[in-house]
Every structure is written in C-alpha cells, then in structure tokens.
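Only one structure is covered here, and it is reproduced in the block below.
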Amino acid sequence: MFIHTAENQSWLRARWQALMTHLASDRAAADSAWEVLVRHYAEPHRAYHNLSHIMALLRHADAERAHMARPEVVELAIWFHDLIYDTRAMDNEQRSASWAHHAMHAMRIDTDLIPPVEQCILATHRHEVTSTQIADLPLFLDIDLSILGSSPEIYQRYSQAIRAEYDWVPPQEYRSARADILQRFLARPALFFTPSMAARFEAQARQNIAWELKELSSLQTGI
C-alpha cells in the first residue's frame, strides 16, 4: 500500500548520514542505529508505519523548516517516533523514546537535544501538546498527522493500511475503536496546532475523517 523502494532507501540513508554529520555524532554508533531503524521499520506487519512514512514526514519537515526553532529536534523525533510499533501493545511510545534516549547518548549527540526529542515521541501517544517548553512539539505533531489532510485517494489507502496493521482485531471491535479515535480528533476545535499546517491540511482532513466515519458506520449497519 505505502511502498518503500530501494531508491527511497538510498535517499533516506543519505538523509540520515547528513543529519549525523551535522550533529557530529559517533559514526559507528550512528551506523548501528541506522541498521536498527531499517530493521524495525521493515517489519512485515507495517502497512503504513514503515520507512515510506518516515520519508513523507521528512519531506513535510523540509516544507515547514522555516517555522522550526530547532530542526534537529523535529528530524530526530521523526526518525525515532515509531521505532517500536506493536499494535497489540500500549507502550510503544515509551519504548521508542527509551530506545531513542540510549541511541542518542551512544551517538554522542548534544545532550540538550535528547529531552525534547523524547517528549516529542511521548506526545504521539495522544497527539496533544503537553508541554509549552518545547517550541517544536506542536509542529512535530502536525507533521505526524499530515496524512489526515492528504488527497481523498491517498487517505483511503491510508485507512486501508491502518486496518491491515490491526487485522487481528475483529471487524466490529475495530470499527468501534477506530471511530472513537476519529471522533475525538474531529471534536477538536482545530486538528492542527500550527497556522501553516492548518492552512495546508485542516479543511481536507475534516472531510477525510468524516468520510471514514461514514464508511465505518455503513459497515457497522450493513448499509
């Protein structure tokens, strides 16, 4: 569905190396971290949360770079935020943040970057701004949810991919849980926290979510 290609992997590898060079990281540790990232994001159950997701977020980050206080925080959080992705678990964000913490220390990255990266990762659990001390947190969360404002065709593929990642959940239970999540998003005064991302994605995101809720309701009632 969201296909990751060899060409994309080459782009991502170069992107990772450029970031590590910019951060003056330990090369051996950075290479080791790269191998772990590739292995985890290539897990077979990931129909959406794979390296194509990371690539898409990095491209959105590039488009929003002028609005970032510390671009390195956003980029590191993008790389690490879905490292652990087990749809049967409830602690993916905590485990991803913990792994990121140890990896960044091993790579000898500026320790000032580590806490905000961890907080960005942890905030993806509920996609709420829990701290006003991290300037880039709202934008990072907006970038992570940019798929909600994609074209209707891409959004439909996204909704199918999420269902595939939860294929072990019985249909009725999945529809109910998914609808609850989408309704919570739709009930927000604004889906996106930052003006630039809201201008790009808010209107389409609300249309997409309304479409999926209608689809879920139709399947529930058999209409």
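Relative contact order of the chain, taken over Cα pairs closer than 8 Å and 6 or more residues apart, is 21 percent. When the stretch 6-133 is described by a simple charge dipole with +1 on each Lys and Arg Cβ and -1 on each Asp and Glu Cβ, the residue from His101, Thr124, Ala33 located farthest towards its positive end is Ala33.
For the chain, the dipole from Cβ point charges (+1 on Lys and Arg, -1 on Asp and Glu) about the Cα centre works out to 380 debye, to the nearest 20.
Among Tyr158, Tyr85, Tyr174, the largest mean-square fluctuation in a Gaussian network model of the chain (Cα springs under 10 Å) belongs to Tyr174. Comparing Asp86, Asp144, Asp180 in a Gaussian network model of the chain (Cα springs below 10 Å), the most mobile by mean-square fluctuation is Asp180. The charge dipole of the stretch 6-133, taken about its Cα centre with unit charges on the Cβ atoms of Lys, Arg (+1), Asp and Glu (-1) only, comes to about 180 debye.
The H on the amide N of Ala47, modeled in the peptide plane, is under 5 Å from the matching H of Glu165, each at least 5 residues off or on a different chain. In order along the stretch 22-37, the phi-based Karplus estimate (6.51 cos²θ - 1.76 cosθ + 1.60, θ = phi - 60°) of 3J(HN,Hα) comes to 4, 8, 6, 7, 5, 5, 4, 5, 5, 5, 5, 4, 4, 4, 5, 4 Hz; Gly and Pro are listed as x. The 3J(HN,Hα) values that the Karplus relation (6.51, -1.76, 1.60; θ = phi - 60°) gives for the stretch 177-187 are, in residue order, 5, 5, 5, 4, 4, 5, 5, 5, 5, 5, 6 Hz. Gly and Pro appear as x.
Here, each number is a calculation from the coordinates, and none is a lab measurement. Keep in mind the model is a prediction, meaning the values are calculated, not measured. When we count neighbours, we look across all protein chains shown, and the Cβ atoms used for this are built from the backbone with ideal geometry, even at glycine.
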